[in-house]
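Let me begin by presenting the structure, written as structure tokens, before commenting on it.
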Amino acid sequence: MLDGFQNATRVPELRRRVLFTLAMLAIYRVGVAIPTPGIDGQALAAFFEQAKNTMLGLVNMFSGGALERFSIFALGIMPYISSSIILQLLTVVFPYLEKLSKEGELGRRKITQYTRYGTIVLSVIQGTFISMGLERIQAPGGGSVVFEPGWAFRAMTVVTLTSGTAFIMWLGEQITERGIGNGISLIIFAGIVANFPSAAITSHQFFQEGELSLFLLIGLTAFMVAVIGFIIFMERAARRIPVQYAKRVVGRKMYGGQSSHLPLKINPTGVIPPIFASSILIFPATIAQFIEHPYARRMSDLLMPGTLVYDLVYVGLIIFFCYFYTAVTFNPVDVADNMKKYGGYVPGIRPGQRTAEYIDRILTRLTLSGAIYVALVCILPTLLIRQANVPFYFGGTALLIVVGVALDTVAQMETHLLTRNYEGFMKRGRIRGRRG
């Protein structure tokens, strides 16, 4: 593994991509520390200390602590993710968008452009409600967290937060194009990892104060290591469907006659379903936190992490997005047609429609298994906080994102190494990302 990282520094293009990615993530973390004007930072920090296990605490985790400081990146990348969800759902409904999605690179750029416009609209909406809500927040010691409430503060806050989200969106696209890994995922990854030191310090303080016993701390550490190992195993696990290619004679040469396989991942969607589900829950719940209305307060209380309603809705959304995203990204009919075109077939299955039905049946069962696995891991923080009194919000979606993004990024780095005749990170086998 160490030799693999040493080899990474010897490839000029890979070295430039890694350094560029680190530089962009460093810029993102600097922006997280820049506060939005007109906010009393200490009063807001005291308010978030009381709300760390609410929906606002979850939003703060995804933003890497930017919401707690109310920095220029306070909205984070969630408006972009919400806009992506809306566009993908509309693609199924509107024929025009469906046609664009099938037009290759040109259509993809057009949909990306619409996603950017939607991100700006959602950022303006969220920024408006949040700025109005901030004016009504009372700090624990008394007084407002806003120095000079009014429309001037609201307009400035909306412009600042919208510009910050647009800049983060641009950073993510630059990382994807000129760096290594998926830019949006790496930004979320960086925000989550940035909370690890504070979580470790909090655990140490609880241990010193006697609220966490040594036995519980060791057991919790071992349990988290086991969960990480389980996630890595599940993210790399796949069902291999055997594929046989018939022999073909072209001129005087014979082609084909080879045996291969079609790998179907147990979790083909990666961390997309929990991110989408979190984004769907975060958007209305965040707005409801800042609206003084009985129905809004009721919805905010129902969607608070740890409640039964939140867990049921969260699990339901994860299962839905697992099936939805799998259906969007993988078409068994196209796969079966391509196999038939090149002379491939599944032994014992007739090529064409029967093969598509066979692949679809296996994929449906695998998606159900993957959805249950993702849902169980994602409600893990609720169990840890409720049963073990864990002093920080960790596990679940955060753990899936960290492990999944790390696997994908290392897999891309290994691909660069192997194409240039360098050894990869593993002496035996290869590190494969979630999409393998």
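List the residue pairs whose Cβ atoms are under 9 Å apart, where the first residue sits in the range 215-231 and is over 15 Å from I379 (Cα atoms), the second is hydroxyl-bearing (S, T, Y) and at pLDDT below 85, and the two are 6 or more positions apart or on different chains.
Partner pairs satisfying both residue conditions: L217/S203; L220/S203.
If we keep just the residues of the range 307-347 that are small (G, A, S) and surrounded by 15 or more Cβ atoms within 10 Å (Cβ to Cβ), which is modelled with the highest pLDDT?
In this case the residue turns out to be A336.
Could you tell me which of the residues A155, A222 is modelled with pLDDT of 85 or more, surrounded by fewer than 16 Cβ atoms within 10 Å (Cβ to Cβ) and of a type outside the set (V, I, T)?
Answer to the check: A155.
Report, by residue number, each residue of the range 323-374 that is among the small types (G, A, S) and over 17 Å from A237 (Cα atoms).
A327, A336, G343, G344, G348, G352, A356
Of all residues being touching a Gly at 6+ places or on another chain (Cβ under 7 Å) and surrounded by 13 or more Cβ atoms within 10 Å (Cβ to Cβ) in the range 245-262, which is modelled with the lowest pLDDT? Just the residue, please.
G256
Could you please find all residues in the range 98-137 being of a type in the set (A, V, I, L, M, F, W, C) and modelled with pLDDT of 85 or more?
I111, I120, V121, L122, V124, I125
Counting only residues that are assigned to a loop (DSSP other than H, G, I, E, B) and not aromatic (F, W, Y), which one in the range 336-364 is farthest from I266 (Cα to Cα)?
That would be G343.
Does the range 348-386 hold any residues that are out of contact with any helix residue (DSSP H, G or I) (no Cβ under 7 Å at 6 or more places or on another chain) and either under 30 Å from G219 (Cβ atoms) or buried (at least 21 other Cβ atoms within 10 Å of the Cβ) (or both), and which are they?
The answer is S369, I372, L376, L383, L384, I385, R386.
Scan the range 196-208 and give yes if some residue there is out of contact with any Pro (no Cβ under 7 Å at 6 or more places or on another chain) and either at pLDDT 85 or above or not in a helix (DSSP H, G or I) (or both), otherwise no.
No: the range 196-208 contains no residue that is out of contact with any Pro (no Cβ under 7 Å at 6 or more places or on another chain) and either at pLDDT 85 or above or not in a helix (DSSP H, G or I) (or both).
Out of the residues in the range 164-199 that are polar (S, T, N, Q) and buried (at least 22 other Cβ atoms within 10 Å of the Cβ), state the one that is farthest from the chain's Cα centre (by Cα).
T165
Find all pairs meeting these conditions: Cβ atoms under 9 angstrom apart; at least six residues apart or on different chains; first residue within the range 120-138 and touching a residue at least 40 places away in the same chain (Cβ under 8 Å) and under 21 Å from I77 (Cβ atoms); second residue surrounded by fewer than 16 Cβ atoms within 10 Å (Cβ to Cβ) and of a type in the set (K, R).
That search, which allows pairs on different chains as well, returns nothing.
Do any residues in the range 159-172 that are of a type in the set (F, W, Y) have Cβ atoms under 8 Å from those of residues that are assigned to a helix (DSSP H, G or I) and modelled with pLDDT under 90, where the two are at least six apart or on different chains, and which pairs are they?
F167/G31
The values are calculated or read from the model by the stated rules, or taken from the named source; none is laboratory data. These numbers were taken from a predicted model, which means no experiment stands behind them. Note: ideal-geometry Cβ built from the backbone for every residue, glycine included; neighbour counts use all protein chains shown.
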